[in-house]
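Just so you know, all these numbers are worked out from the coordinates, no wet-lab data involved. Everything numeric here is computed off the predicted structure, so don't read it as measured data. All Cβ positions, even for glycine, are placed from backbone atoms using ideal geometry, and neighbour counts span all protein chains on display.
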Amino acid sequence: MHNSFHNTCAGRPAETLGTAPVLDPATLEVVAHAAQSTPGQLDDAVRAARAVAGSAWARDAALRREALAQCADLLLVHEAALGELLSREQGKPLAAARGEIQTGARLLRHFSTLVDTEKVIRQSASGSIRALRAPIGAVGLIVPWNFPVTILMMKLGPALWAGNAVVVKPAPTTPLTTLRIAQLLADALPPGTLNTVTGDADIGQALVGHAGLGKISFTGSSPTGRRVMATAAESLKRLTLELGGNDAAIVLPDANPATIAPRLFANAFGNAGQLCCAIKRLYVHRRIHDEIVERMTAIAQDWRVGRGLAEDTQMGPLHTAAQRDHVRDLLRDAQARGGRIHTGGDALGEWPGHFLRPAIVSGLTDEARLVAQEQFGPALPILAFDDADEAVARANASPYGLGGSVWSGDPDRAAGVVSRLEAVNLYVNQHAVPPDPEVPFGGTKASGFGYELGEWGADDFSVRKVLHVPQGATA
Ligand code: NAD
């Protein structure tokens, strides 16, 4: 049986043996049925990827760059249709969904122009030591539902650039755009370089445990990351784990509330708060705390929540009912602990989907679940502090270490304070910037390890070899 949302294996449609419905999170209607992979089909996909190792693809960087350029072109040719499909299956506003396709094209384009330069570790009278780059071989890419295309492309670009072949597993609730993209890119890539498998945790677990893969690049939650690491240990696979976060933003007393409130809001509520590196805890100096709460509340009340496909929508639904229920639960806990919900947290009348209006909450201590846990949704706790040392200590009292920001009229002072955060992605007067192919992104502590993008990210998809050639040594 063939389904239009079939998997791709060895450059061809994989036979569809079973399907699962994919729901529109705004209407709860079925968008389409996506193929589901069997364990045997996972074996086929890994075999197809492994067959590419040792081929021209693995050896010829120019061939790969040319193919990546064609992939970028293909994404742009189909940007409108892919964007609409992504908006429907994920729920995000159409402009943001189309933005993901454009970001994907931009990332692939970057890797299509990136020429590897040989790195000399040492050159001396006694000889040379050089760093070589080789592909890992077949690698597994596991992607979550919040940014299905951006996150896929952050992995796919460097993985293919470095000469690997991949098996991609999208999240079970957002497989459609990924399957369509793999079908389209089959025109530009040699068979076997990009294979897909679909399914839930079981197929993900089988992918991670598969002996034929040399690496897993995983983005998802910290609890799943722990399972991935345990499973990968069996075959000593290389791992990149991009996990959850609970990013703090710290606003110093010299910041201008009128200027920064809209930017803080956008960085907390973008993608309905379902962003690993969104602002999830906002620490504001007591002197300007109330004004920030007031301004953020006013913005939240004007924020247009609706179906992603509606033209004026600024925020779509939560992606799943479970995610919506989790955020509601945190808000109930916040109220029970004496927190004040200034606005939001309520559903939207006109759609059956998982909507929540953006919530601004104050008056909590750091022990409240909305502060201590990753909400991954549109509910922001705003907390008062008295001095910067206290704010840094409270920001660091978290198991997570993804990102953090400090906002101030004095950027140098802010840079000094933010550098003390136990996190990898540090920002002054901004937060959650779009992925830049030249700039590494990663996490520490429970937010994972390894990097995406930049030189460090490219290294994470390569085996770095070290070649020693002594001067004049003959054998
Ligand atoms: P999730 O961990 O539930 O799922 C992520 C992916 O892993 C999905 O494709 C899922 O099917 C698969 N999976 C589930 N169980 C598996 C297993 N045992 N073995 C292998 N694969 C398995 O995460 P989610 O709910 O889809 O995404 C939200 C989470 O992702 C949040 O915690 C968020 O912070 C995090 N995230 C992190 C980053 C980052 O770069 N650090 C980016 C985006 C999202």
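The table for this structure:
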| read-out | value |
| --- | --- |
| Positive-end residue of PRO253, ASN271, LEU160, charge dipole of the chain with Cβ unit charges | LEU160 |
| Alpha-carbon centroids, the stretch 200-267 and the stretch 433-460: separation in whole Å | 11 |
| Ordering of 181-188, 331-338, 368-375 by packing [mean C-beta count within 10 Å, highest first] | 368-375, 181-188, 331-338 |
| Within the chain, percent of DSSP bridges classed antiparallel, to nearest 5 | 45 |
| Hits among aspartates and glutamates - C-alpha to C-alpha of LYS119 under 15 Å, sequence gap 8 or more where chains match | GLU455, ASP459 |
| Within the stretch 46-118: Cβ-based charge dipole about Cα centre, in debye rounded to nearest 20 (Lys, Arg +1; Asp, Glu -1) | 200 |
| Calculated P(r) tail over 32 Å for the chain, as whole % of Cα pairs | 42 |
| Per-residue [θ]222 nm for the chain (sum of -39500 (n - 2.57) over DSSP H runs n ≥ 4, rounded to 500) | -12000 deg cm²/dmol |
| Tail weight of P(r) past 18 Å, computed on alpha-carbon pairs of the stretch 170-274, percent | 65 |
| Among the listed pairs LYS92/LYS280; LYS445/LYS465; LYS169/LYS237; LYS169/LYS215, those beyond 22 Å (Cα-Cα) | LYS445/LYS465 |
| Whether the stretch 258-341 is rounded, prolate or oblate, judged on the alpha carbon gyration tensor where a/c under 1.5 counts as rounded | oblate |
| All-pairs alpha carbon distance profile, the stretch 230-280, 5 Å steps from 0, percent | 4, 17, 17, 16, 11, 10, 9, 6, 5, 4, 1 |
| Furthest towards positive pole of dipole, PRO39, VAL22, GLY140, structure part the stretch 1-147, Cβ charges | GLY140 |
| Cα-projected label distance for THR38 with THR444, points at 7 Å along beta-carbon direction, nm | 4.8 |
| log₁₀ of I(q)/I(0) at q = 0.14, 0.16 Å⁻¹ - the stretch 1-154, Debye sum with one point per alpha carbon | -0.89, -1.11 |
| In sequence order, calculated HN-Hα J values of the stretch 125-135 (Karplus, 6.51, -1.76, 1.60; Hz; x Gly/Pro) | 4, 8, x, 10, 10, 10, 9, 9, 10, 10, x |
| Simple Cβ-charge dipole of the stretch 349-451, Lys/Arg +1 and Asp/Glu -1, about Cα centre, in debye nearest 20 | 260 |
| Sum of side-chain charges, SER112 neighbourhood, beta-carbon under 9 Å (Lys, Arg +1; Asp, Glu -1) | +2 |
| Assigned charges on the beta-carbon of Lys, Arg, Asp, Glu; the chain dipole about Cα centre (debye) | 1060 |
